[in-house]
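One structure is given here, and the rest of the page talks about it.
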Amino acid sequence: MAAQPSKLKLWGGRFTGKTDPLMQMYNESLSYDKRMFAQDILGSQAYAKATCKAGILTTEERDTIISGLERVRQEWASGTFVIHPEIDEDIHTANERRLGEIIGTHIAGKLHTGRSRNDQVATDMRLWLRDELNEIEGYLIEFLRATVERAEEQIDALLPGYTHVQRAQPIRWSHWLMSHAFMFLSDLERLRELKKRVNKSPLGCGALAGNPFNLDREFLAKELGFDGCIQNSLIGVADRDFVVETLQWATLMMNHVSRWSEDLIIYSTAEFGFVTLADAYSTGSSLMPQKKNSDSLELLRGKSGRVFGQMAGFLYTVKGLPSSYNKDLQEDKEPLFDCVTTVQNSLQIATGVVATLTIYPEKMKAALTMDMLATDLADYLVRKGVPFRETHHISGACVREAEKRKLSGIDQLGLDVLQSIDERFGEDVLEVFDFERSVELRSSTGGTCKASVIKQIEELTKVLQRAPNGVVEN
Ligand code: ARG
C-alpha cells in the first residue's frame, strides 16, 4: 500500500532508498529554525491569500488554510506541537505536514503551489530578523538613555583622561561617558540603514526562476509589511547579504561594547578605584573571599569575540557560492540566531551596568596630577604670543625642574623659579594650576568643558527623542 502523503518526506517522490540516519541528523534544521515558527506561519497565511487572488485557491480553501495554520501556530506557542523527526526536516516541512493533518492534505497540498522552500526560508529569515532588529534598536536606545542620564547627573566629576593608558589631560567623567555614547549612536544610525535592506520581500521568487501563476508579489509584500519586492528571483533566493550585514553590524557594535567594558574594567580595579559595579553585575571568587569581579564587563568583552567569529565564519560560507540557492545557505541560521541573542543580552547587561554603576569623584580627583597641566602651562605663554613649539620646551623645562627638586608638581615651583626659567611668566601663571580651569578652557565643539558636554548631551537627546519606542519613524 502506498504511504500516506502526510507521512512522506515532502521531497520523497523520486527517492526509494532510506536516508542514512546521520545524514538525516546532519541535514535537519528544525532543531533551531523552529525559532521562526511564527514567521513561517505568517508567510504561509499571506501566501494563501496571494494564491487565492491568483485563482489557485478558492476563498473557502484559503480560509481553511489560514485557520488551520493558526492552529499550528498555537501548538508551537503552547509547546504542544509534536515533532516527527524522521520527516520534519525543517520548520517549513513540519508546519506543512501538521497543516495537512489538521485540514486534510487535499487542501493543504495546494498551499505550496509555485512556492519553494528557497523563497520561503529567505522570507522567514527576513521577517524574523526584522522583528529582532526592532527589539535590538529598543535596547540600544535604552542603553543610550541610561548613559545620557548618568552623563547629566555626574557632569561635575573630573578624572584623568588617558592616552596610551598614561595620564594625559583632565576631562569630565561625562565627557568619557558621551564619547562611548556617540560610538553607539553611529551603531543606531547604521542599524536603521540595515533595517531598510532587510525589509524586502523574496516571496514569490519560487525555487529560482520566478512564479508561473501570475502571483501578485507586490500584494504579498504589502501583506507582510515589507517595503517592496526583491527584483530578481535568482538573487531573491540566493541573497544572504542581510545576514552578513547584520553580523557585520553586530561585530562593530560589540567592538564598541568591548572597548567600553575594557575602560570600566580598568577603572574598577583597586589601583584606579574610580568606579564599582553593583552587586547585580559582579560575582565573587570561589577561593578568595575578598574578591568582587567585574564579570559582566569581562563577558561583554569576551562575547564580542564570539560575534566576530560568527561574522567571519558565515562570510566563508557564502564566499564563492554558485548562483541561486545552495544548501550551504542553511548555515546562515545558527550564527545569526546566536549573534542576535548575544547582542540583545549584551545591550541589556550594559544598560544595567551603567545605570547602577557607582562612581567615586574624590578618587578620580585624587588621580589628577599637576603634570597633567603641563600643556596648559605651555598654552599660558602661547596666549602671551610665544610660539607653541617654544612654549612646549619651556613647560618641559618646568616639569624637569620640579622633578629635579623632588617637588610634588609644577605648581610647587613658585613664581621665582618659573620666572627664572622664562621671564615671561607673570603672577597670573599660578591660575594655570587648576584642573577645573583646564577643563573649562576646552570649550570648542566636542571639548570637555561643561557647556560643550551639555551640548553633546542635548544633541544625543534630540536624536533619541525622535524614536521614543525604538520603532523607526522614517
Ligand atoms: N532548511 C532549508 C534552509 O534553511 C530550507 C530550504 C531548503 N531548500 C532546498 N532546496 N532544500 O535553507
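Here R301 meets the list (1) under 17 Å from the mean Cα position of the chain (by Cα); (2) more than 21 Å from A181 (Cα to Cα); (3) away from the ligand (no atom under 16 Å from the Cβ) almost entirely, failing just condition (2). Apart from one condition, N27 fits all of (1) crowded, with 18+ Cβ neighbours inside 10 Å; (2) within 12 Å of the ligand (Cβ to nearest atom); the exception is (1).
For region 119-146, a residue qualifies if it is more than 17 Å from S29 (Cβ to Cβ) and among the β-branched types (V, I, T), and the qualifying residues are I136, I141. Looking at region 398-474, the helices (runs of 4 or more DSSP H) lying wholly inside it that each contain 1 or more residues that are more than 30 Å from I141 (Cα to Cα) and either hydrophobic (A, V, I, L, M, F, W, C) or at pLDDT below 95 (or both) sit at 414-421, 435-441.
State yes or no: is R192 outside any loop (DSSP other than H, G, I, E, B) and either open to solvent by less than 60 Å² (accessible area, probe 1.4 Å) or in contact with a Lys or Arg (Cβ under 6 Å, 6 or more places away or on another chain) (or both)? Answer is yes for this residue. Scanning region 252-289 for residues that are aromatic (F, W, Y), assigned to a helix (DSSP H, G or I) and open to solvent by less than 20 Å² (accessible area, probe 1.4 Å) gives W260, Y267.
Each residue in region 306-349 was checked for being within 11 Å of the ligand (Cβ to nearest atom) and open to solvent by 50 Å² or more (accessible area, probe 1.4 Å), and 5 pass. The number of residues in region 155-199 that are more than 15 Å from F272 (Cβ to Cβ), more than 23 Å from the chain's Cα centre (by Cα) and free of Cβ contacts under 8 Å to residues at least 12 places away in the same chain comes to 2. Looking only at region 162-178, how many residues end up being crowded, with 18+ Cβ neighbours inside 10 Å and either assigned to a helix (DSSP H, G or I) or not charged (D, E, K, R) (or both)? Of the residues in that region, 9 qualify. Taken as a whole, region 243-251 holds at least one residue that is within 16 Å of the ligand (Cβ to nearest atom), assigned to a helix (DSSP H, G or I), of a type in the set (A, V, I, L, M, F, W, C) and modelled with pLDDT of 95 or more.
Scoring R62 on the criteria (1) free of Cβ contacts under 8 Å to residues at least 24 places away in the same chain; (2) touching a helix residue (DSSP H, G or I) at 6+ places or on another chain (Cβ under 6 Å); (3) within 26 Å of E331 (Cα to Cα) leaves a single failure, condition (3). Among residues of region 87-111 that are closer than 20 Å to I56 by Cβ, those with a Cβ under 8 angstrom from a residue that is within 14 Å of the ligand (Cβ to nearest atom) and open to solvent by 20 Å² or more (accessible area, probe 1.4 Å), sequence gap 6+ or separate chain, pair up as H92/R117; N95/F37; E96/L10; E96/H112; A108/E96; L111/E96.
The values are calculated or read from the model by the stated rules, or taken from the named source; none is laboratory data. Please read all numbers here as calculations on a predicted model, not as lab measurements. Using ideal geometry, Cβ is built from the backbone for each residue, glycine included, and neighbour counts are taken over all protein chains shown. Note: areas computed on protein heavy atoms with side chains; ligands, DNA, RNA excluded. Shrake-Rupley method; radii C 1.70, N 1.55, O 1.52, S 1.80 Å.
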